[in-house]
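The values are calculated or read from the model by the stated rules, or taken from the named source; none is laboratory data. Since this is a predicted model, take the numbers as computed values, not measurements. Note that each Cβ is placed from the backbone with ideal geometry, even for glycine, and that neighbours are counted across all protein chains shown. Heads up: the accessible areas ignore ligands, DNA and RNA and are worked out on the full protein's heavy atoms, side chains in. Shrake-Rupley method; radii C 1.70, N 1.55, O 1.52, S 1.80 Å.
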Amino acid sequence: MKLPESQKTILETISRDEAIPIGEIANRTGIAEETATGAAIDLENEGLVEIETETESTIHLTDEGAKYREAGLPEVRLYRKASELASGDLTVSLDRVTSELDMEGEQVDIALSNFSRKDFGTIEAGDITVDPDAAVEDDSEASSLEAIAIGGEIDREALRALERRGLVRKEEQINRRVRLTEEGITALMEGIEIAEGVGQLTPEHLTSGKWRDVEFADYNVEADVADIIGGRTHPLREMAERVKETLVGMGFKEMEGPHIDADFWIHDCLFMPQDHPARTHWDRFALKSPNKIADLPDDLVESVRRAHHEGIGPDGEGYHSPWDEDFARQLALRGHTTSLSMRYLSGTQADEIEPPARYFSVEKAYRNDTIDATHLLEFFQIEGWVMADELSVRDLMGTFTEFYEQFGITDLEFKPHYNPYTEPSFELFGRHPTTGELIEIGNSGMFRPEVLDPLGVDCDVMAWGLALERLFMLVTGAEDIRDVHGTLVDLDFLRTQEVNY
Ligand code: PHE
C-alpha cells in the first residue's frame with residue numbers, strides 16, 4: 001500500500017490498544033497538529049484508523065470580565081457610590097456619582113443600562129435613585145464571574161447574561177483520539193510505501209517540468225480548519241437592504257433627508273397642534289445648541305398656519321390655539337421619518353410629484369422612550385406613501401399584505417387608531433413566532449385634507465411608518481431588541497445570525 005509520508009508515520013505511531021490524542025501524536029511525530037488531524041481523517045476514510053471525538057467546552061473571562069472581577073461590575077459600583085452620596089430620599093445627581101467614580105462614556109452607559117435592567121433603582125432627568133432593597137450584594141452575575149475565575153457554582157442565567165455582555169467567552173474544542181483498526185494493522189504488516197504526494201505546486205515544479213510526473217495530494221475538503229471571523233454586514237442592516245429591495249420591487253422610489261429637522265416638517269405640516277401632548281410626550285431630543293431652520297417656503301408656512309387656524313374647506317374648524325412660526329422653525333432630532341414624506345409631498349425636497357407615485361425610506365427615527373424589550377431610543381422606520389386619485393383603506397391593507405408576505409408574514413392584524421394627520425388610521429400587528437405574542441409593527445392611514453391641502457396635493461395619499469426592528473423580530477424570532485442592536489449585543493449573534501426570508 002502507498003500512503004503519504006505523514007499518514008505512514010501516524011500509523012506507525014499509534015496502536016490498537018489505546019486511542020491516542022492528536023496533540024500527543026503531533027508531539028511524538030513532529031507533525032503539525034492540523035496536518036496530523038487532516039492525515040488522521042484521511043486514514044479514517046481509508047478504514048485504517050478509528051477516531052473518537054469529544055467536544056469539550058471551557059469558559060474564560062474576557063479582559064473586560066477580568067477587569068470587572070477586580071473592580072466590581074460597573075452597575076454595582078454605580079449603586080454603591082450612589083448609595084454613599086445619596087441624601088435622605090436616596091437620590092443624587094448622576095453627574096456627581098459618575099465623576100466621583102471616575103467613570104466616563106461607554107462605562108457610564110454600561111453601568112446605567114445594567115443598573116436599570118437589574119432594577120437597582122431608577123434614573124430620571126439626570127438623577128439616580130437607589131432601591132434600598134435591591135439585591136446588589138448577592139448579584140448572581142458578580143458571583144458567577146468570580147466562580148468562573150476560581151471555580152464554584154455558576155448560575156446559568158447569569159452565565160448567559162455575562163456572555164451577552166462579552167465578559168466571558170465559551171470556547172469549544174474538539175478533542176480527537178486515534179487508534180488503529182484491524183485493517184490498519186494488516187496494512188502495517190504488509191508494509192507501506194511512501195507515496196510522493198505533493199501538497200503544493202511550486203514555481204520549480206513548473207520550470208523543471210516535474211509537475212508532469214509528481215502525484216498531487218488530494219484535498220480533504222471536510223477537514224476542520226480554524227475559524228476565520230471576517231467582517232460582515234450587521235443583520236439589521238441586511239434586513240434594511242432587503243426591505244429596500246422589496247419596496248423598489250413594488251415600484252417605490254427612495255426618499256432621503258435630514259435626521260435633524262424643523263418642527264415644521266416633523267409636526268406642523270402633519271396638522272399636529274403646537275400644544276399637542278405628543279410634541280412633548282414623544283419627548284423629542286432637543287439639540288445641545290438650539291437652532292432654527294433658515295429656509296422654509298413662505299407660501300407653505302402661510303398655508304400650514306391657515307390650516308391650523310381655520311381648518312380646510314367651508315366647514316373647516318381649525319385649532320383654537322396659537323400657532324407660532326418661531327416654534328415651528330426649531331430644530332430637533334426627528335421622532336418619525338414622516339418629516340421626509342412632508343418634504344417630498346410639498347415638492348420642496350425634490351421636484352413636484354405627480355400621481356400616481358410611490359415613495360419610501362428606511363431611516364432612523366429618534367424617540368426618548370423608556371428602553372425595554374421592544375424599545376430603544378432610536379429605531380429604523382420604514383416610511384412609505386402612495387399617491388393616486390382614488391385610494392381606500394383596502395389599498396392600504398393590500399399593500400401591507402403584499403409587502404409582509406415577502407417576509408413570510410401572512411397573519412397581519414389591523415386595529416383602528418388615531419393620528420392627528422390621518423383619517424382613518426390603523427395600527428398593524430404581527431404574531432411573534434416564538435412567544436406567540438401580538439406585537440405592534442406599524443401605524444398607518446390616509447392623510448387628511450388638513451395635511452394635503454396646504455402641501456398642494458389634490459389627490460389621495462395613503463401612508464405608513466413601520467418599525468424595521470419589529471419586522472426583524474418577527475422574521476428571526478429575536479425576543480429582545482437589545483439583543484439585536486446596541487451596546488449589549490452578543491458578538492456571536494452578529495457573526496452568525498442569518499436573515500432568511
Ligand atoms: N408617523 C407615524 C408614526 O411614527 C407613522 C405614520 C406615517 C402613520 C404616516 C400614518 C401615516 O407612528
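With Cα atoms as the point set, the stretch 231-288 shows a radius of gyration and Dmax of 16.4, 47 Å. Could you list log10 I(q)/I(0) for the stretch 1-80 at q = 0.22, 0.27 Å⁻¹, which the Debye formula gives when each Cα is one point scatterer? Computed log10 I(q)/I(0) values: -1.00, -1.31.
State the extension gain, in nm to one decimal, for the chain segment bounded by Glu56 and Thr186, taking 0.36 nm per residue of separation less the distance between their alpha-carbons.
The Glu56-Thr186 span can extend by a further 43.5 nm.
Just tell me, in residue order, which DSSP H segments of the chain are both 27 angstrom or longer along the helix axis (alpha-carbon based) and at least -0.5 in mean Kyte-Doolittle hydropathy. Intermediate values should be presented prior to the final figure.
On the way: long enough: none.
Helices passing the filter in the chain: none found.
Taking GluC sites (Glu not before Pro) across the stretch 75-182, the ones in a DSSP loop with at most 14 further Cβ atoms lying within 10 angstrom of their Cβ are Glu104, Glu137, Glu153.
Tell me the relative contact order for the stretch 1-159 as a rounded percent, counting alpha carbon contacts under 8 Å between residues six or more apart. Kindly include the intermediate steps, with their values, before the conclusion.
Values: 141 pairs, mean separation 27.3, N = 159.
Relative contact order of the stretch 1-159: 17 percent.
Carbon and sulfur: what percent of the stretch 103-167's accessible surface (1.4 Å probe)? Write out the running numbers ahead of the final one.
Numbers: 1570 of 3570 Å².
Here carbon and sulfur together make up 44 percent of the probe-accessible area.
Quick check for the chain: number of Lys pairs with alpha-carbon distance under 19 Å, counting only pairs 8 or more apart or on different chains? Each step should come with its number before you reach the end.
Values: Lys67/Lys81; Lys67/Lys170; Lys81/Lys118; Lys244/Lys253; Lys244/Lys364; Lys253/Lys364.
Count of close lysine pairs: 6.
Averaged over its residues, the stretch 22-112 has an accessible area of 54 Å² per residue, based on protein heavy atoms and a 1.4 Å probe.
For the stretch 450-498, give the percent of accessible area contributed by carbon and sulfur heavy atoms, probe 1.4 Å, rounded to a whole number.
Details: 720 of 1850 Å².
Exposed carbon and sulfur together represent 39 percent of the surface.
Given R₀ = 51 Å, FRET efficiency for Asp326-Asp138 by Cβ-Cβ distance, to 0.05? About 0.40, to the nearest 0.05.
Between the C-alpha center of the stretch 54-116 and that of the stretch 170-233 there is a gap of 50 Å.
Among the protein heavy atoms of the stretch 347-439, carbon and sulfur supply 47% of the accessible surface, probe 1.4 Å, non-protein parts ignored. Value of Rg to Rh for the stretch 304-419, rounded to two decimals, is 1.00; Kirkwood radius and Rg both from alpha-carbon coordinates.
Taking one quarter of the surface of the C-alpha convex hull of the stretch 148-225 gives a mean projected area of 11.6 nm². With 0.36 nm allotted per residue and the present C-alpha distance subtracted, the Asp351-Glu153 stretch has 64.6 nm of extension available.
Counted over the chain with a bin width of 20 Å, the fraction of Cα pairs per bin, in whole percents, is 17, 35, 28, 16, 4, 0. Database remark: amide H of Gly197 closer than 5 angstrom to the amide H of Glu5 (H placed geometrically; neighbours at sequence offset of 5 or more, or on other chains; Pro and chain starts carry no H). Between Thr434 and Val248, full extension at 0.36 nm per residue minus the direct alpha carbon distance yields a gain of 64.0 nm.
For the stretch 79-175, the Kirkwood estimate of the hydrodynamic radius, built from every pair of different alpha carbons, is 14.9 Å.
Please give me, ordered by residue number, the chymotrypsin sites (Phe, Trp or Tyr not before Pro) of the stretch 274-356 that lie in loop per DSSP and have at most 16 other Cβ atoms within 10 Å.
Numbers: sites: Trp282, Phe285, Tyr319, Trp323, Phe327, Tyr344; in loops: Trp282, Phe285, Tyr319, Trp323.
Within the stretch 274-356, the qualifying chymotrypsin sites (Phe, Trp or Tyr not before Pro) (loop, at most 16 other Cβ atoms within 10 Å) are Phe285.
Which GluC sites (Glu not before Pro) in the stretch 241-286 pass both tests, a DSSP loop state and at most 13 other beta-carbon atoms within 10 Å? Counting only loop positions with at most 13 other Cβ atoms within 10 Å, the GluC sites (Glu not before Pro) in the stretch 241-286 are Glu256. For the stretch 139-290, the extents of the C-alpha atoms along the principal axes are 95, 55, 33 Å, listed from largest to smallest. Separation of the stretch 283-319 from the stretch 469-495 is 38 Å, based on Cα centroids.
Taking all pairs of different Cα atoms in the stretch 76-128, averaging 1/r and flipping that mean, what Kirkwood radius in angstroms comes out? Walk me through the numbers before you get to the answer.
Working: mean 1/r = 0.0923 Å⁻¹.
In the stretch 76-128 this quantity evaluates to 10.8 Å.
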